[in-house]
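What follows is one structure encoded as structure tokens, with my remarks underneath.
A short reminder: the numbers here are calculations on the coordinates, not readings from a lab. If you're wondering where the values come from, they're calculated on a predicted model, not measured in any experiment. No Cβ is skipped: glycine too gets one built from the backbone with ideal geometry, and neighbour counts run over all protein chains shown.
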Amino acid sequence: MMDLHHVKYSKGQFKIQQMVFVLVAIIILFGIVSIFFVSIRFGSLRSEVDDQRKEAVFEQVRKMAGTPEFIWTSSSDCSACVDMDKLLLLKNRTSYKGFWKDISLLKVSRVYPKYQTEECNLNSYPECNSITLVKGDDISAYESFVSLCRYDGDIGQTRCEMGKIIMGFEGVG
Amino acid sequence: MINREKRGQEEIVGFVLIVVLVVIVFVIFLGIRLRNPEPSQKQSEILYQFLESAMEQTTDCVLSENGRNIVLDDLIKECYSVDNRCDSGMTSCESVEKTMKNILNNTWRVGADYSYKGYEIKANYFDNSSSQTQGEEVFLISEGNCSNSFDGNSYWIPEFPGSIIIDAKLCA
């Protein structure tokens, strides 16, 4: 029977063993470094995808300004102009209840100039800031810039002002 | 035997030194990278929407030629070409600047406490017939600090024989 305590290893075998240890250590080190870099790279990729998705949602929200219920029709070409007079009348229409399915919040809001009264009604209009068509709770809201246009009798012409459409969806993060 | 052990110890010290050196280089590289995040310049759809909508804004400037309140993009053209006075006494360029600043201040909150540290809106006229790369400045509005990281976009207003290009930057 062979006594393992007395096996003689050659110098070459030691060298090979030593080299194997060094190689394994280097491979582990580079492995850790590459895992670290890949995780950083994928982290930024995920945020880029999120940004692109958000931009797509902003575009979709803005498309609402082009629907017949919202659009301002005049001689000038303006696809992102909303007719405020139309929206004020639409707000009180019972026939439009439940018209915008799956939308929990639908609101247009003036950005500039701002007035003291927040929500518009027939008495406060046009010196008010927003018209809410659908109002719900527990929503994720997205905003897009539009122009809010109306006929202004004081200056005898169309007046367009900076505003935004705010749309909220249930359970969308 | 003692000589062989000594040689082995030297090799281990050498290996440890190499590992320590690699780790130090890695930590320094990581430190630099984390301290100076890469400048990011992203094209922003929301900024384009902002510029497009802002250009439709009816301003308080009434030019005596037609007696109508002029729209912001026409007022910018007026500012570049003639710079007439509005009925209020302001020049068209002053009126552009005032309207634009009011819109910006009501839209973006910028500063050290906010996610956006500053903004810069720049309008330049470029003549299509010449091959100029540097445009003629029409106006420049800026607020806060702008570094290399920003969201940006441009809006184009035709003004024969060239065009006015408005560049907007929101700095992070």
Fill in the blank from the handout: For A:Glu118, the net charge from surrounding residues (Cβ-Cβ under 15 Å; K, R +1; D, E -1) works out to +4
Completion exercise
Residues whose built amide H sits under 5 Å from the amide H of A:Val146, excluding neighbours closer than 5 in sequence, are A:Gly163, A:Lys164, A:Ile165
Practice task
At q = 0.13, 0.21 Å⁻¹, work out log10 I(q)/I(0) for the stretch B:41-171 with the Debye formula, treating every Cα as an identical point scatterer and leaving solvent out; two decimals please.
Solution key: -0.55, -1.26
Practice task
Take A:Phe169, B:Phe29 and order them by how many other Cβ atoms sit within 10 Å, fewest up front.
Solution key: B:Phe29, A:Phe169
Handout entry: Radius of gyration and Dmax over the Cα atoms of the stretch A:69-173, both given in Å
Key = 13.9, 45
Handout entry: J(HN,Hα) series, the stretch A:125-135, from Karplus relation 6.51 cos²θ - 1.76 cosθ + 1.60, nearest Hz, glycine and proline x
Key = 4, x, 8, 8, 9, 9, 10, 9, 9, 10, 10
Practice task
Report the semi-axes of the equivalent ellipsoid for the stretch A:27-109 in whole Å, largest first, where each axis is √(5λ) for an eigenvalue λ of the Cα gyration tensor.
Solution key: 47, 16, 7
Practice task
Mind checking the stretch A:88-173 for trypsin sites (Lys or Arg not before Pro) that DSSP puts in a loop (not H, G, I, E or B) and that have at most 14 other Cβ atoms within 10 Å?
Solution key: A:Arg93, A:Lys97, A:Lys101, A:Lys114, A:Lys135
Exercise for the section: State the percent of C-alpha pairs, over all pairs in the stretch A:1-154, separated by a distance greater than 28 angstrom. Expected result: 50
Handout entry: Spherically averaged projected area of the stretch A:11-58 from its Cα convex hull (nm²)
Key = 3.2
Fill in the blank from the handout: Only helices counted: for the protein assembly as shown, with every DSSP H run of 4 or more residues adding -39500 (n - 2.57) and the sum spread over all residues, [θ] at 222 nm is -13000 deg cm²/dmol
Exercise for the section: Taking amide H positions as placed in the peptide plane 1.01 Å from N, state which residues far from B:Thr91 in sequence (5 or more) or on other chains have amide H under 5 Å from it. Expected result: B:Cys86
Handout entry: Charge dipole magnitude, Cβ of K and R +1, D and E -1 - the stretch A:59-170, Cα centre, debye nearest 20
Key = 160
Completion exercise
Amide H proximity to B:Arg68 below 5 Å, modelled H, separation 5+ or other chain, gives B:Leu63
Problem - Residue order, fewest to most beta carbons within 10 Å, for B:Asp167, B:Asp73, A:Asp154 - result: A:Asp154, B:Asp167, B:Asp73
Exercise for the section: For the stretch B:64-172, state which trypsin sites (Lys or Arg not before Pro) are in a DSSP loop and have at most 12 other beta carbons lying within 10 Å of their beta carbon. Expected result: B:Arg109
Problem - Computed label-point distance, nm, for sites A:Lys135 and B:Asn128 using a 7 Å Cα→Cβ extension - result: 5.0
Exercise for the section: Just rank B:Ile18, B:Ile103, fewest to most, by other beta-carbon atoms within 10 angstrom. Expected result: B:Ile18, B:Ile103
Problem - Residue mean of other protein chain beta carbons inside 10 Å, A:128-134 - result: 0
Problem - Spread of Cα-to-Cα distances over 20 Å intervals beginning at zero, given as percent, for the protein assembly as shown - result: 22, 41, 18, 12, 7, 1
